[in-house]
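One structure is given here, and the rest of the page talks about it.
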Amino acid sequence: MNILDVNGLKVFHGRAQALRGVTFHAREGEIVAVLGANGAGKSTLLGTLSGIYAAKAGEVYFKGEPIIRQSPGYIVKQGLSLVPEHRQIFNDLTVQDNLLLGAFHRYIKDKGTLSEDMERVLGIFPALRGRERQTAGILSGGLQQMLAIGRGLMARPKLLMLDEPSIGLAPIVVREIMEVLSKLREDGTTIILVEQNAAAALRVADRAIVIERGQVIISGKPSELVNDERVQHAYLGRTGGHAGNVAVAFGY
Ligand SMILES: Nc1ncnc2c1ncn2[C@@H]1O[C@H](COP(=O)(O)OP(=O)(O)OP(=O)(O)O)[C@@H](O)[C@H]1O
Ligand SMILES: [Mg+2]
């Protein structure tokens, strides 16, 4: 079953058209990687699905219900969370308060369960444990990214969307984060993963799409994408050579 269906999404920033009819879907419990160059429209896509940007045209169905033109607060409550570009954590707040902000929409009603949720996040990211009272701004980039993901998880999402979580992080931390995404998928969370690090994203994804100038130009399984010359040239740093080498590097 599709948890998300996006049809013909068109979005403008002022007069500039950022999305030119984006159509794609996510099935329940899969990781969909979204690849694309700078300015392709990836963040605009996630921002629109989250209710931050208004679409000019198109449809978005989440769990079969239309969410287009709904507010960000309503969309989070339905179970769709965004871990935004550049993390956007609150540097002056503690780790704990940053996490609690992810559950602000049920802070009053659901207070009793928040510590359980916090415990779950600390179980997923043990490196954050013991740092609950530290100021978020002093954490390393990797810990800040874990905190940003943890904050997203505090909303108990059915669909978690991440905007370039690996940017600026050491390979070992990237690997750790990708492993967490795999585990979340095993627990039934659907994930949309926007990445410039195409290699890391394709290793963990079940399917992938490539966006260019506001349109989906390629979609398929990672094994199909790594053998696609356009993907190799633009996203996997291969300017020639034999396609098989890339496939071997990915273990296909
Ligand atoms: N707030 C804005 N106002 C005006 N134009 C914008 C705004 N945000 C994005 N754009 C433009 O819309 C297009 C798509 O931008 P977007 O940020 O969605 O791309 P992206 O794929 O996320 O890029 P990146 O890889 O750099 O994060 C770009 O041409 C960008 O300059
Ligand atoms: Mg972006």
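Could you tell me whether the stretch 85-95 includes any residue that is over 17 Å from the mean Cα position of the chain (by Cα) and surrounded by 22 or more Cβ atoms within 10 Å (Cβ to Cβ)? Looking for residues that are over 17 Å from the mean Cα position of the chain (by Cα) and surrounded by 22 or more Cβ atoms within 10 Å (Cβ to Cβ), one finds at least one in the stretch 85-95, hence yes. Quick one: in the stretch 24-43, of everything that is among the hydrophobic types (A, V, I, L, M, F, W, C) and crowded, with 16+ Cβ neighbours inside 10 Å, which residue is nearest to ligand 2 (Cβ to nearest atom)? Ranking the qualifying residues of the stretch 24-43, first place goes to Ala40. Scanning the stretch 26-64 for residues that are modelled with pLDDT under 95 and of a type in the set (A, V, I, L, M, F, W, C) yields a count of 1.
The listed residues are Gly29, Gly79, Gly73, and the only one of them that is away from ligand 1 (no atom under 16 Å from the Cβ), touching a residue at least 40 places away in the same chain (Cβ under 8 Å), of a type in the set (Gly, Ala, Ser) and closer than 30 Å to Gln134 by Cα turns out to be Gly79.
Meeting the requirement of 3 or more residues that are within 25 Å of Asn7 (Cβ to Cβ) and in contact with a His (Cβ under 8 Å, 6 or more places away or on another chain), the helices (runs of 4 or more DSSP H) wholly within the stretch 49-155 are 72-78.
For Ala199, all conditions in the list (1) outside any loop (DSSP other than H, G, I, E, B); (2) within 16 Å of ligand 2 (Cβ to nearest atom); (3) at pLDDT below 95 hold save one; what is the number of the exception? So Ala199 meets the others, but not (2).
Screening Gly21 with (1) touching a residue at least 60 places away in the same chain (Cβ under 8 Å); (2) in a loop (DSSP other than H, G, I, E, B); (3) more than 16 Å from ligand 2 (Cβ to nearest atom); (4) small (Gly, Ala, Ser) gives one miss only, at (2).
The values are calculated or read from the model by the stated rules, or taken from the named source; none is laboratory data. Just so it is clear, the model here is predicted, and its values are computed rather than measured. Please note: Cβ atoms are built from the backbone with ideal geometry, for glycine as well, and neighbour counts cover all protein chains shown.
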